[in-house]
């Protein structure tokens, strides 16, 4: 349960996230951030704080090279799969592996990685994940073309998600890469 929002503007990637840690009907405002920088990358995760810890502290990030879309779908995903398996987070069912969902910004592009290791890039230059994703996407759509600074758009999307989703909670953190 969360809202993580990404936006590309002027060749920069902005990712913002909330602080909710949700289990059933229990909610904890977490001090450990869902959004962070690591090497050349900017991350914002949902799914599990354990997965986020593995991304932050264990993932050996390869240097982006060549066609970025191909790199993310192959080299990056291969490193991700190994990290999540080694950390005990990845699952396997009927020979199909699953990880978690997160946003990643690198070299001015924003990617969504889904639990089946699919790599997506939205045509709208923004994306959101977590239980507040549709609310946040609506806010990003509604603020497009208004001349707002990118960080303000991300924070407004997170505020909208908090207002209308029980699984989203401030404080919010927004970083740019």
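The values are calculated or read from the model by the stated rules, or taken from the named source; none is laboratory data. In this text the structure is predicted, and so the values were computed from the model without any measurement. Neighbour counts are summed over all protein chains in view; Cβ atoms, including those assigned to glycine, are modelled from backbone coordinates with ideal geometry.
Residues of region 93-108 that are touching a strand residue (DSSP E or B) at 6+ places or on another chain (Cβ under 7 Å) and at pLDDT 95 or above: 101, 102, 103, 104, 105, 106, 108. Of all residues in region 1-16, those satisfying the criterion of being outside any strand (DSSP E or B) and either surrounded by 24 or more Cβ atoms within 10 Å (Cβ to Cβ) or out of contact with any strand residue (DSSP E or B) (no Cβ under 7 Å at 6 or more places or on another chain) (or both) are 2, 3, 10, 11.
Quick check on this structure: which one of 149, 176 is over 17 Å from the mean Cα position of the chain (by Cα), under 20 Å from residue 10 (Cβ atoms) and modelled with pLDDT of 95 or more? Steps first, answer last, please.
Details: 176 fails: over 17 Å from the mean Cα position of the chain (by Cα).
On inspection, the qualifying residue turns out to be 149.
Scanning region 71-92 for residues that are modelled with pLDDT of 90 or more and touching a helix residue (DSSP H, G or I) at 6+ places or on another chain (Cβ under 7 Å) yields a total of 3.
Determine, yes or no, whether residue 105 is assigned to a loop (DSSP other than H, G, I, E, B), at negative phi, crowded, with 21+ Cβ neighbours inside 10 Å and under 16 Å from the mean Cα position of the chain (by Cα). Give the steps one after another, and end with the answer.
Working: assigned to a loop (DSSP other than H, G, I, E, B): no; at negative phi: yes; crowded, with 21+ Cβ neighbours inside 10 Å: yes; under 16 Å from the mean Cα position of the chain (by Cα): yes.
Spelling it out, it is not the case that residue 105 is assigned to a loop (DSSP other than H, G, I, E, B), at negative phi, crowded, with 21+ Cβ neighbours inside 10 Å and under 16 Å from the mean Cα position of the chain (by Cα).
Looking at this structure, is residue 59 touching a helix residue (DSSP H, G or I) at 6+ places or on another chain (Cβ under 8 Å), modelled with pLDDT of 95 or more, in a helix (DSSP H, G or I) and farther than 21 Å from residue 133 by Cβ? Criteria not met by residue 59.
Going residue by residue through region 126-134, is there one that turns out to be in contact with a helix residue (DSSP H, G or I) (Cβ under 6 Å, 6 or more places away or on another chain), assigned to a loop (DSSP other than H, G, I, E, B) and modelled with pLDDT of 95 or more? Scanning region 126-134 turns up at least one residue that is in contact with a helix residue (DSSP H, G or I) (Cβ under 6 Å, 6 or more places away or on another chain), assigned to a loop (DSSP other than H, G, I, E, B) and modelled with pLDDT of 95 or more. Number of residues in region 36-94 that are touching a residue at least 40 places away in the same chain (Cβ under 8 Å), surrounded by 15 or more Cβ atoms within 10 Å (Cβ to Cβ) and closer than 16 Å to residue 121 by Cβ: the value is 10. For region 119-136, the set of residues classified as in contact with a strand residue (DSSP E or B) (Cβ under 8 Å, 6 or more places away or on another chain) and over 19 Å from residue 16 (Cβ atoms) consists of 119 only.
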